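Below is one structure; the comments refer to it alone.
The values are calculated or read from the model by the stated rules, or taken from the named source; none is laboratory data. Treat the numbers as computed from the prediction; the structure is a model and nothing was measured. Note that each Cβ is placed from the backbone with ideal geometry, even for glycine, and that neighbours are counted across all protein chains shown.
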């Protein structure tokens, strides 16, 4: 609803934006991964790795060291499925593990 002077409340604008497939909406959906990372990566793995970014269907995950990279790689398929489940239709096709 527009107020006098042509200014619209921020809540109304954000509500419309989040209801549409916009970059803002995708960013909000993606941010849910960071908050749910312990659940997504697993109770042991999550303390040794963290999601860095998602770009062009790839989730980049930073891992503490090569030992943990090897260990976390065994959970790659499970992590990928859990991420895609949280993203409501946006598909992450692969995970790239990077050393910290």
Being touching a strand residue (DSSP E or B) at 6+ places or on another chain (Cβ under 9 Å) and at pLDDT below 85 is the filter here, so list the residues in region 27-43 that pass it.
30
Among the residues of region 74-81, are any modelled with pLDDT of 95 or more, part of a strand (DSSP E or B) and exposed (fewer than 13 other Cβ atoms within 10 Å of the Cβ)?
no
How about region 1-26: which of its residues are at pLDDT 70 or above and surrounded by 13 or more Cβ atoms within 10 Å (Cβ to Cβ)?
26
Do you know which residues across region 82-100 are surrounded by 11 or more Cβ atoms within 10 Å (Cβ to Cβ), more than 16 Å from the chain's Cα centre (by Cα) and free of Cβ contacts under 8 Å to residues at least 40 places away in the same chain?
100
